[in-house]
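The values are calculated or read from the model by the stated rules, or taken from the named source; none is laboratory data. Worth saying up front: this structure is predicted, and the values here are computed from it rather than measured. Here the Cβ is made from the backbone with ideal geometry for all residues, glycine too, and neighbour counts use every protein chain on show. Side chains included, ligands, DNA and RNA excluded: accessible areas come from the protein's heavy atoms. Shrake-Rupley method; radii C 1.70, N 1.55, O 1.52, S 1.80 Å.
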Amino acid sequence: DADLIIKAKKVSLKDLNNDFLLRGETDGEVKLYYDGNKKFETTSAGVTITGNLTVGTATLYSTGNLLLGDSDEIRFGAGEDLQIYHDGSNSHITNSTGYVLVNSSGGDLVLRSNNGVLLQPANGENGVSAIANGAVELYHDNTKKFETGVSGEYGSFTAKNGTNGWDGMAVGGSAIVF
């Protein structure tokens, strides 16, 4: 149990091929090398890494991409209120506080799917179903009330305007008067 202490203004370690392994300066940076290439450097602002950084099952690539394994989460907020992850089969965005606000100030907001887009007001409760190459269905309290089809619109609904009922409405271009 002995210590090796080297005191110098600059310290460098090289391998047998004369490639740097480590370089350090008094009150300055420390650089670590792999096969003669700088990979890690301390700076006055923090640390600079050249190449990929792997921590556990997560890898941050030098291109800026972050690779996480299945069910590894990215968490945001002091209380980790927002989580984003993929479980191997489905992708999840979970928010445990406040609203999830999606804003598009530069154009339309588009939700795209190969099969359909579903809006569920509660877990497992249907609200709106937009089926690819098919119908749009509207639900009230998980009961289908209106849908579009090849021949027009179909539905079981009551149209009301205040306490006195509805004066009239149009469905498929035909007026219905009450």
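Consider Leu60 carefully, then state whether it is modelled with pLDDT under 90 and either in contact with a Phe, Trp or Tyr (Cβ under 6 Å, 6 or more places away or on another chain) or over 30 Å from Phe20 (Cα atoms) (or both).
no
If Leu82 meets every condition in (1) exposed (fewer than 13 other Cβ atoms within 10 Å of the Cβ); (2) aliphatic (A, V, I, L, M); (3) at pLDDT 90 or above apart from one, which number is that one?
The number of the failed condition is (1).
Could you grab me the full set of residues in the range 69-79 that are out of contact with any strand residue (DSSP E or B) (no Cβ under 8 Å at 6 or more places or on another chain) and open to solvent by 100 Å² or more (accessible area, probe 1.4 Å)?
Answer for the range 69-79, where residues must be out of contact with any strand residue (DSSP E or B) (no Cβ under 8 Å at 6 or more places or on another chain) and open to solvent by 100 Å² or more (accessible area, probe 1.4 Å): just Ala78.
Somewhere in the range 86-96, is a residue within 28 Å of Thr143 (Cα to Cα) and surrounded by 12 or more Cβ atoms within 10 Å (Cβ to Cβ)?
Yes, because at least one residue in the range 86-96 is within 28 Å of Thr143 (Cα to Cα) and surrounded by 12 or more Cβ atoms within 10 Å (Cβ to Cβ).
Across the range 105-131, what is the total count of residues that are surrounded by fewer than 13 Cβ atoms within 10 Å (Cβ to Cβ) and in a loop (DSSP other than H, G, I, E, B)?
Selection size over the range 105-131: 14.
Would you mention how many residues in the range 1-24 are open to solvent by 90 Å² or more (accessible area, probe 1.4 Å), at pLDDT below 90 and of a type in the set (A, V, I, L, M)?
Residues flagged as open to solvent by 90 Å² or more (accessible area, probe 1.4 Å), at pLDDT below 90 and of a type in the set (A, V, I, L, M) within the range 1-24 amount to 4.
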